[in-house]
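As structure tokens, the structure follows; a few thoughts come after it.
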Amino acid sequence: MDILYAKQAVLLKEAKHVMKKLISEDPMESLCMVDLIQRLGIEHHFQEHIEAALEKQHFIVITDPIDFVQSHQLDEVALSFRLLRQGGYSVNADIFERLKKNKVQFREAYGEDVKSLIAVHEAAQLSIGEEDTSLEDVGRLCRELLHSWLSRHHHHHHEAQFVAISLQQPLHHNLPRFVDKTILLRNFKPDKESVCFVELAEINSCIVRLMNQHEALQVSKWWKGEAMSKEPKFAEYEALKWYMWSMACFTDPSFSDQRLGLTKTISLVYIIDDIFDVYGTLDQLILFTDAVKRWELTGTEHLPQFMKNCLSALYEITNAFAEKIYKKHGLNPIDTLKKSWVQLLNASLEGAHWSDSGELPKSGEYLNHATVSTGVHVVLVHSFFLFHQNITKETLAILDDFPDIIYSVAKILRLCDDLEGHKNKNQSGFDGSYIECYMREHQETSAEDAERHVEELISMEWKRLNRQVLGRDQQFPSSFTKFCLSAARMVPLMYHYRTNPSLSNLHQHVKSIANAGVAHM
């Protein structure tokens, strides 16, 4: 590690010098470098430089938007829009208005211009809804043209794989750190000045892998010491699965303690979900929920030992978490943490009542409860306290009310989970998903139409999330909103990282961590 850190320091000094020079001499080129830095997953080293580049470009764009559009290539306009909006700057999507007026002319001008089509398609993912009609219209047209281009060139063109990945997994819905860099570098060949950024990314990847291996071993050791791990029901649980969420969302290498602390909370969400879905009777689940509301073990004598062990772990882990935050910030979050657990238990218990009675809820009622029962809000509420930020009573009140940004992430997970589950189920009967509720409510709807309906709901929720993350009037610090965005991006990756070739980095990263764990057992 010492050798790696020494190499990293040398490369970092060189890369920052290059970045500083570009910002002063060529704002557009510096923006292209920001794009490369983010795609390589090393932006945590360049926060000040990225902000300086964006600030300078924003001034250029807003000074004379018409001149900017007319004097730059389409891919440069789209890249500027995407990076500025992603950085929280106010950029009007009307700069794309002229492009949608003459579709025939647009097709003729850009039908073979893959770079521009991808750039606009990527920018369109940052739509925040109704005010972005120009952006969405042009984005749909670019997507159509890219599919058409791919159908003509997918067998022999060197850019075909890059186009396919951009269509399947746009940058805004992805975690760049885990995308295969060979595909990126094949289409973004670095010049002499930018080679140091690629080398820096390779060093950073090695450091992060070793750090993640060490942390995963700590998580595994912790889990093996827990009473719950001795239960036959939980003996085969993989702590690595819980750690993956913390690993993906706390991307800064310096957040090691935060990753370890949050993994314990995530483990409880998974275990409690199985207790409600698989292991507990309705009477036991009512007692279990009541014990969490009272935050004590008294009155749980009739619960099976595995449930009492889970309650003990829940109290111990949450109380220790709150005490740590209190020592750091001087404000005790225990009431907010308790409320998040009670919200989870209430929603899960409602689902248990439905299963026990055989009654099928309306799709809207199901979605409201099932979104909460994901436990996403529990994880995000806990994560909020792990950043280096001031905590106020006003902020705690917002967290208690299940804010929109948390609800959107939870809803995206619920809908994606139900969609994947429905696609992979062959059996008939109620599968406890939104799609099943929706189809019983709308008898004339086919499974394919129901799945398309869910995909549209997911798309709409992403726009709502964008509004919360990308807007200037945010309720929360950007560190937390970016964490929420990473959590939403992690959702589809969890389903496809083993099979999607573009996610080979994530698959290899997880395998290396798992293998390190086996080697130390």
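The values are calculated or read from the model by the stated rules, or taken from the named source; none is laboratory data. Everything numeric here is computed off the predicted structure, so don't read it as measured data. Neighbour counts run over all protein chains shown; Cβ positions are idealised from the backbone, glycine included. Surface areas here come from the heavy atoms of the whole protein model, side chains and all, with no ligands, DNA or RNA. Shrake-Rupley method; radii C 1.70, N 1.55, O 1.52, S 1.80 Å.
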- [ ] Provide the solvent-accessible area of ILE95, counting protein heavy atoms only and rolling a 1.4 Å probe, rounded to the nearest 10 Å².
- [x] 30 Å²
Task: Rounded to whole Hz, the Karplus (6.51, -1.76, 1.60) HN-Hα couplings of the stretch 335-340, x for glycine and proline - done: 5, 5, 5, 4, 4, 5
Task: Shape call, the stretch 226-515: gyration tensor on alpha carbons, a/c limit 1.5 - done: rounded
TODO: Mind checking which lysines have their Cα closer than 24 Å to the Cα of LYS13? Skip sequence neighbours fewer than 8 apart in that chain.
DONE: LYS21, LYS56, LYS181, LYS189, LYS192
Open item on the list: Among the listed pairs LYS230/LYS264; LYS16/LYS115; LYS411/LYS482, which have their C-alpha atoms separated by more than 19 angstrom in this model?
Closed with: LYS16/LYS115
- [ ] Please determine, in degrees from 0 to 90 and to the nearest 10, the orientation of helix 305-329 with respect to the longest principal axis defined by the Cα atoms of the chain, where the helix direction is its Cα long axis.
- [x] 50 degrees
- [ ] Could you size up the charge dipole of the chain around its Cα centre, putting +1 on the beta carbon of Lys and Arg and -1 on that of Asp and Glu, and report it in debye to the nearest 20?
- [x] 1320 debye
Task: By average C-beta atoms within 10 angstrom, highest first, the peptides 96-108, 279-291 - done: 279-291, 96-108
TODO: Starting with the highest mean, order 41-52, 243-254 by the number of other Cβ atoms within 10 Å, averaged over the residues of each peptide.
DONE: 243-254, 41-52
- [ ] Enter the angle in degrees (range 0 to 90, nearest 10) between the Cα long axis of helix 363-372 and the first principal axis of the Cα atoms of the chain, meaning the one along which they spread out most.
- [x] 80 degrees
TODO: Considering only lysines 8 or more places apart in sequence, or on different chains, count the pairs in the stretch 285-399 whose C-alpha atoms sit under 28 Å apart.
DONE: 23
Task: Exposure of GLU350 as accessible area (Å², to 10), given a probe of 1.4 Å and all protein chains - done: 60 Å²
Task: Prolate/oblate/rounded call for the stretch 1-198, Cα gyration tensor, a/c under 1.5 rounded - done: oblate
Task: Between helix 282-294 and the chain: long-axis angle, C-alpha atoms, 0 to 90°, nearest 10 - done: 80 degrees
Open item on the list: How large is the accessible surface of GLU193 in square angstrom, using a 1.4 angstrom probe and rounding to the nearest 10?
Closed with: 80 Å²
Open item on the list: Tell me which trypsin sites (Lys or Arg not before Pro) from the stretch 149-236 have a DSSP coil assignment and no more than 16 other beta carbons within 10 Å of their own.
Closed with: LYS192, LYS233
